[in-house]
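In what follows, a single structure is set out as C-alpha cells and then discussed.
The values are calculated or read from the model by the stated rules, or taken from the named source; none is laboratory data. Source: prediction; values computed, not measured. Neighbour counts run over all protein chains shown; Cβ positions are idealised from the backbone, glycine included. What goes into the accessible areas is simple: the full protein's heavy atoms, side chains included, and nothing from ligands, DNA or RNA. Shrake-Rupley method; radii C 1.70, N 1.55, O 1.52, S 1.80 Å.
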Amino acid sequence: MNENKSLLSAGAGVARRNLRYIIWFYLLSILFAWSGASGFATHAHDMMDHSLYSDGVLHGFHPAVLIEMMNRPEFGPTKSTTMPAMSFGILFLLVSLTFMPGVLLGYSSDHRISRDEFFRACGRNLWRFVRLFVMAAILVGVTVGLLSMGLDALAKAADNTNYERLPFFTNVAGWIIILLALTKIRVWFDLAATDVVLSDQSAVRKSVAFGFRAMRKNWLRLLGTYVAITLVAVAMLMVGIVLWNMIVPSSSIVGAFLVSQLMMLLLLAMRFWQRAAAVAFYVKEMAEPVLEMTPVSVVVAPVAL
Amino acid sequence: MSFICKRLVWFCVFLGALPAMAQTPAGPSIPTTTSAINSPTPMSQRVVHYEIDAKYNAKAHTVDADETLTYHNLTGQPQDTFPFHLYLNAFQPTSTWLREGKREGTRNQDFDKWDPKSYGSSEIKSLEVIGQGDLTSQLQFIQPDDNNKDDHTVVQVHLPKPIPPDGYVQFKIKFHDQFPKTLERTGWDRDSIVAGQWFPKVGVWWHGAWNCHQFHAYTEFFADFGVYDVKITVPQNEVVGASGIEVSDVNNPDGTKTLSYHGDDIHDFAWTASPHYKIVEDTFNGSMGPVKIRVMLQPGHMFLADRHTRIVQQTMTRFDHWYGPYPYKTLTVVDPEPGAQTFGMEYPTFITGGAGWFDPEGSVSEPEGVVEHEFGHQYWYGMVATNEFEDAWMDEGINQYTEAKVMDDIYTPSTSLFNHLWGMDAGERDGDRLFMLPVADLDPMTRKGWQFFDSDSYGGITYGKTAVVLLTLESIVGADTMQRAMHTYFMRYRFTHPVPEDFLKTIEEVSGKDLRWYFNQAVYGTAVLDFRVHKVSSVAVDWYKDDLKEKKGETAYLSNAWIQRKGDFVIPVDVEIKFDNGEKVREHWDAQDRWVRYQYQKKAKIESVEIDPDHKLQFDRNNFDNSYLVKADAAPANKLVHYWEFISQFMTQVVTWFLV
C-alpha cells in the first residue's frame, strides 16, 4: 500500500513538474473536438439560428427538438456529422502516438528537456511506437473479444434466472473484469513504451517482453496504482456531471463549457498521471541495475585515456 | 293418503316446479348473468358463451382443454359455415405472421435465426356440433388475406345443417395448445406464462360476411361480446390472474388447483400464471360501482407498487369523468416476466404493463405510460370494440390520443414523457409527432393493418398520426367539444363494433361543424402538413434618399413576410408578426393558395414571424421553418454543438486511454 502510495505520489510529482504536456495535449484535444464538430455546427446553425423552435433546447432540454433536427433531410446524413468527429478523434490518437515518446523522455528527465530533444525522441521512436500500438491494439481486440464472448454467455445464463438484476450485475462485473484486463495491458505497454524510449530500444519485442516481465513481477503495485488513478478519474467525471446537471443553468453555455472542459482536462491529466507513474516506476525500479553498472563504465574511461 | 290428497300433493309439486321449468329453456342459450359487472342487466348484445376447462402443464408450456362454445345466430340469415381463429399457429416458421415479421421485424425482433422454443400451436383434437355429430374431419384451414397455404391461423367448419336466424349452435371442441417462448403478446418466459389468444375463437359476422382474418405481424384482434366461464387447472404454487372475476379456487389432490373465472360482456379472455407474482390490491370507486384492482408484480418490482396503483387510479378517474364509466368489477394489472414480449398488452379487464427494476421516477413512459395506455384500451377496444385488423387507428390511435390527454393532465403537455429526467423534458405529443414524421405520407390512417407500407408506417400512422390528428382536431372544434364528442362516442358505441364513420360523424354531430375537409385529408388521405416562413424583409420607405439615417422608432419601413404552404394539406392557420417596437400583429390565412404575403408600413422592422403561434397544429412536418427570427440567435445551436464536442472529445479520450 505504501509502495502504491509512493508510486502514486511519484507519478503525480512527475506529471505536475511537466504540466505543459497535459496543457498541450488538452489544447490539441479541444482543437480537434472543435474541428470534428464543424459539420454538426454548420448544419445546426443553418437550421436553428433563425427559428423560434430552437429555444426548446436552450431553456431546459427538449430532446424532441434535437431528434427532429437530426432527422431533417437538410441536416444531412448522419455520416456528415459523425465522420468529421471520428476523423479528428483518430487524428488525436495518432498525434498522441507521435508525441508520446517526447513526453516519456521529458518525464524521465530531471530537467526540462529542450524542444529539440523532445521532437528528436518523437521522430526516433515513431516507427517503434506504431509497432507497439499495433501490438497493443491486437491484444486489446483479442482480449475484449474473448472476454465479451464469455460475458455474453454468462449474461444469457443470468437472463434465464428469476433474478432480474443478475444480468445487469453480471454485465457490470464482466465489464469491470474487462477494464481490469485492459488496464493490465496498458500497464504492460506503458512500461514497454518507456523502455523503448529510455533504453533506445529498436527491437520493440524486447521492450514488450521487458514490460511483461516487469508487470508480472510488480503487477499488484502497478495495477493498484493504475486502478486508483482510474477511480479518481471516474469519481471526478461523476462529480462533474452532477455539478453540470445541478448547478449550471440550462441556458448557460459558458457554464456548461467550463464544467465539461474541466472534466476533459482532468481526465486527460489522469492518464498522464498513469504514464508518469510508469516512468517513475521504470526509472526507480528498473534503471537501478543499470546504474550499478556505472563503475564498469568508469573503469573503461581511464583505459580510453 | 286419499286420492284427493294425492292429487293435491301432485298439484303442489307441479306448482313448485314451475319456476324451475321457466328457468330451464329447452335449448342452449347465452347466460344473462351480471355478476362480473356493476350493472343489473347485460350491457352488450351477447353473441357467444365460452365455457373452457383448461389444464396447464407448466413444464411443457402446454394447455389441454375442453371448450364449449354456444353461438347465438344474430346474423339475420341461416349460417352453415363458421370460421375460427387459431392464433397460436402464427408462431410457426411458414405462417403469415412470421413471414411478415421476418420481412418487417416486430417488437424489436428480426428473426435472424429460428429458435425452436418460439414454436407455438393450437391444435383442434376434435370438434363436435351438438345435434350434428363429430365434424373434426370437416375442418379446413383457410387464408382469406394472403392465400398463404402454410398459414393455419384460421380454420373453418361447414355444418351439414344450417343454423337458422336467431338459433343457437353449440360447438364442443377439444384442443391442445403449445405456447411459444414469447415473441409477441402471448407465451411463456422462464417459469411464467401470459396466455392470450389461446383458444379456438369464432369469427365475427360483420357487414354481411364473416370477418376472421389471419394473424398478421402487427395486427390485433376482433371478436363478439359474450360470457366467459373458464376453469384453469395449474400447479398449486402458481399465482394466477385472469380476465373477469374469480369465482372459485379449489385445491386438487394431485398437487394442482383449479381456478374458475367468470366474465360478462367481454370479447376475449386472457390469463397468467407464475410462482413469483406478488399481489397488491386496491379499489377504484367508479361511477357505476367499486372496481377491484389487482396488481400482479414481479418480486423485484414491489418498489413500483405505489406508482402502479397511483397511475391506475389517476387514469380510471379521468376516463370515468371524461368518457364514461368502467362497468366491470375487476381490473387485473400484470407486470410480466422481465424481458418477456408480453408487456404492454390489453385484454378485457386484464392488462400487462412493462416495468423494469431501473425505472427512474422522471421517466413516465414506464410504468405509468404503459399502464395508462393499456387501461385506455379497456375503452377503445374492450368496450368500443372496433375491428383491430381493419381499423387499427380506432383502437390504438384513439387510445394514443386519450393517453396524451390523460398524461398531459397528470403531468404537463411538455413533461408527460420525460418529467425533468436528467434535465430533459418531453411530452406525449412530441413523441407522437416524432413517431409520425418519417412516415407521414406513406399510408392513410384508414388502411387495413396488414396492408401498411411497413411496420414503421403502421406504428407511425396508427399511433402517432392518429394522436396528433385528433389533438389538432381538438384545436379546431375546441377542447371541451372534443371531450363531449368522445364521451358521446363512447356512450353510444360501447359494446358494439363501430366503424370509422361512426366516430367521425359523432364528432361532426357534437361539434355542429362540417369537418369533411379535415377528415378527407387527415384521416382518409396522405397529404402532408408543412408550412414555412419563406422570407422576411423590412426596407426603409425612404430608402432612395441619400441622406437617409435610420433611427429606431422614427424611420418608416415597408415590411413583408412571405408564408408558404409547402405541403398539400390545406388548413387555415394563424400567423404572428412581431415588430421590433414590441407590437404584434395576428393574421389568419385560409391557406387555400400556396403562399401569402403580408405587407406593413410601420415605424418598426419585423423582428420575428411565427406560423401557428399557439401551436395548435400538431403535425407540421418541419417545426424549424415555421418561424423566422430576423436577428439570428446562435445560442441554441451553440449549446448543441458544445454537447457534440464534449461527447466526441470524451469518446476520443477514452479510446486513446486504452490504446496509447
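Just a few scattered comments:
- Histogram of C-alpha separations across the protein assembly as shown, 10 Å bin width, %: 2, 9, 15, 17, 16, 14, 11, 8, 4, 2, 1, 0, 0, 0, 0, 0
- Between residue B:81 and residue B:453, residue separation times 0.36 nm minus the direct Cα-Cα distance comes to 130.6 nm.
- Projecting the Cα atoms of B:384, B:557, A:44 onto the charge dipole of the protein assembly as shown (Cβ charges, centred on the Cα centre) puts A:44 farthest toward the positive pole.
- Nearby lysines by direct alpha-carbon distance to residue A:284 (threshold 16 angstrom, same-chain neighbours under 8 apart not counted): A:5, A:217
- Exceeding the 21 Å Cα-Cα cut-off - candidates B:616/B:639; B:55/B:102; B:545/B:605; B:551/B:602; B:231/B:329: B:616/B:639; B:55/B:102
- Neighbourhood net charge (12 Å Cβ-Cβ; Lys/Arg +1, Asp/Glu -1) for residue B:384: -2
- Counting only other chain Cβ atoms within 10 Å of each residue's Cβ, the peptide B:622-633 averages 6.
- Extension gain from residue B:313 to residue B:599, taking 0.36 nm per residue of separation minus the Cα-Cα distance: 97.6 nm
- Projecting the Cα positions of B:488, B:463, B:519 onto the charge dipole of segment B:458-521 (unit charges on Cβ atoms of Lys, Arg, Asp and Glu, taken about the Cα centre) puts B:463 furthest along the positive direction.
- Note on residue B:206 and residue B:655: their simple-model spin labels are 5.3 nm apart, each label 7 Å out from Cα toward Cβ.
- The long axis of helix B:305-322 is offset from the longest Cα principal axis of chain B by roughly 80 degrees.
- Among A:113-119, A:97-103, B:566-572, B:608-614, sorting by the average number of other beta carbon atoms lying within 10 angstrom of each residue, highest first, gives A:97-103, B:608-614, B:566-572, A:113-119.
- For segment A:163-232, taking Cα atoms only, Rg and Dmax work out to 15.6, 55 Å respectively.
- Tilt relative to chain B, helix B:3-23 - C-alpha long axis, 0 to 90 degrees, to 10: 20 degrees
- Inter-chain shielding of A:93-99 (mean C-beta neighbours from other protein chains, 10 Å cut-off): 3
- Computed over neighbours whose Cβ is under 12 Å from that of residue B:201, the net charge equals -3, Lys and Arg +1, Asp and Glu -1.
- Relative to the current alpha-carbon distance between residue B:94 and residue B:549, full extension at 0.36 nm per residue lengthens the span by 155.8 nm.
- Volume of the convex hull of segment A:12-87 (Cα atoms only), normalised per residue: 128 Å³.
- More than 22 Å apart - percent of Cα-Cα pairs taken over segment B:123-241: 46 percent
- Here r is the Cβ-Cβ distance between residue B:112 and residue B:143 and R0 is 35 Å; the resulting FRET efficiency, rounded to 0.05, is 0.85.
- Note on chain B: helix-only mean residue ellipticity at 222 nm, from DSSP H runs of 4+ residues weighted -39500 (n - 2.57) and normalised by residue number, equals -7500 deg cm²/dmol.
- Helix A:204-217 and the longest principal axis of the Cα set of chain A meet at an angle near 90°.
- ³J(HN,Hα), Karplus 6.51/-1.76/1.60, whole Hz, each residue of segment B:444-461, x for Gly, Pro: x, 4, 7, 5, 5, x, 8, 9, 5, 3, 7, 5, 5, 5, 4, x, x, 7
- Rounded percent of accessible protein surface that carbon and sulfur make up, chain B, 1.4 Å probe: 53 percent
- Here the simple spin-label model places points 7 Å from the Cα toward Cβ, and for residue A:17 and residue B:558 these points are separated by 7.7 nm.
- Take the Kirkwood radius over Cα pairs of segment B:486-537, plug it into Stokes-Einstein at 20 °C and 1.002 mPa s, and you get 161 µm²/s for translational diffusion.
- Over all directions, the projected convex hull of the C-alpha atoms in chain B averages 41.8 nm² in area.
- For the residues of A:32-38, the average number of beta carbons from a partner chain within 10 Å of their own beta carbon is 6.
- For segment A:254-270 and segment A:147-175, distance of Cα centres in Å: 34 Å
- Ordering of A:270-278, B:553-561 by burial proxy (mean other Cβ atoms within 10 Å per residue, highest first): A:270-278, B:553-561
- Estimated distance in nm for a label pair at residue A:153 and residue B:134, the labels positioned 7 Å out from Cα along Cα-to-Cβ: 5.1 nm
- Residue B:103 - accessible surface, heavy atoms, 1.4 Å probe, Å² rounded to 10: 150 Å²
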